[in-house]
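Chemist: My structure is below; once you've seen it, I'll send some questions.
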Amino acid sequence: MTGVQTCALPIFTSTNGTIVPVLAGAALCSDAEKYKEMGWELDNEGLNISEFNDIFGDLTVLLWAWKNKNDSHLGVCQYRRPWNDGEVGNSEEDVLYVPPPAVFGSVRQQYEDCHSIFPAYAISMDLAHRKRIPLTPEMVDYAWNQHLFHGCNMARGPKLLFDKYAELVYETMQPFYLENVELCRSLQGYQRRSIAFTAERMITALLLHRDHFFGHGKVKEANIGFIG
């Protein structure tokens, strides 16, 4: 997918619980200014990678919020997967919340059944062995070959932990793109977002080893809704 595209609609929440719609991929959207006039935020303002939205998916909004928003509490979610309002109001002040995992027979098998055109398992193991990502080969292999899957690329919590989460995600995912630029750019349609799909598996690896990266008790799961 190249040029102008239909833009996704992630949202983020700020300190006071306000939910703000964000136009993801605004740099690729011909009518982005129309949404801005309606009160939307655009992910191509400030420090951003909005022009890569067709490859990185809603990770462009994660980076935009991380780099440009200074609320004491921040979160990102998707327009069809809102956080549970009641749980947001009862959040612990020093905890990062992520969606609960889905259960697959095997994370690796599910990925390869749906996205085998981008060899994410082989790439992730190679990057881990060369210490290009913060995950060890053992962490990566374990995440791929077990059954819990933290999808959605969503998180919310105090800015310090939200920033650490976003930094870890980008430290992990940038080498996947930078070392496979031509492959990423050659993919079309649904599969063009393979970096975003791979990110869900690498975020799963980070969360399965959350105590190593965040410290004990700093990351917990919180329910989300689903709008069909």
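Chemist: Through the Karplus equation 6.51 cos²θ - 1.76 cosθ + 1.60, θ set to phi - 60°, convert the phi angles of the range 21-35 into ³J(HN,Hα) values in whole Hz; use x for Gly and Pro.
Modeler: x, 10, 7, 7, x, 4, 5, 9, 9, 5, 10, 4, 4, 4, 5
Chemist: Give, to the nearest whole percent, the P(r) tail of the range 34-161 beyond 23 angstrom, counting all Cα pairs.
Modeler: Summing the P(r) of the range 34-161 above 23 Å gives 48 percent of all pairs.
Chemist: Given Cβ point charges of +1 (Lys, Arg) and -1 (Asp, Glu) and nothing else, what value in debye, to the nearest 20, does the dipole of the chain about its Cα centre take?
Modeler: 220
Chemist: Which whole-number percent is the relative contact order of the chain (Cα, under 8 Å, 6+ apart)?
Modeler: Worked out over the chain, it gives 25 percent.
Chemist: Using a Förster distance of 25 Å, how high is the FRET efficiency between Glu179 and Gln110, based on the Cβ-Cβ distance and rounded to 0.05?
Modeler: Once the sixth-power term is evaluated, E becomes 0.55.
Chemist: Pull up the cross-link candidates among the lysines for Lys164, meaning alpha carbon to alpha carbon under 24 Å and not fewer than 8 places away within one chain.
Modeler: Lys67, Lys69, Lys131, Lys218, Lys220
Chemist: At a 1.4 Å probe, what is the % contribution of carbon and sulfur to the accessible area of the range 41-167?
Modeler: 50
Chemist: In Å², and per residue, what accessible area does the range 162-228 have when probed at 1.4 Å with the other protein chains present?
Modeler: Spelled out: the 1.4 Å probe surface of the range 162-228, per residue, equals 45 Å².
Chemist: Further, regarding this structure: Once the convex hull of the alpha carbons of the range 158-220 is built, what does its volume come to per residue, in cubic angstrom?
Modeler: Per-residue hull volume (Cα only) is 92 Å³.
Chemist: Moving to a separate point now. How long, wide and thick is the chain, going by the Cα atoms along their three principal axes, in whole angstroms, largest first?
Modeler: 46, 43, 32
Chemist: If you don't mind, there's one more thing I want to ask. Out of all DSSP beta bridges in the chain, what portion is antiparallel? Express it as a percent rounded to 5.
Modeler: 75
Chemist: Helix by helix, which DSSP H runs in the chain go 18 Å or more along their axis at the Cα atoms and have an average Kyte-Doolittle hydropathy of 0.0 or more?
Modeler: Span-like helices here: 159-178, 194-208.
The values are calculated or read from the model by the stated rules, or taken from the named source; none is laboratory data. Computed from a predicted structure; not experimentally measured. No Cβ is skipped: glycine too gets one built from the backbone with ideal geometry, and neighbour counts run over all protein chains shown. Note: accessible area is taken over every heavy atom of the protein model, side chains too, but ligands, DNA and RNA are not part of it. Shrake-Rupley method; radii C 1.70, N 1.55, O 1.52, S 1.80 Å.
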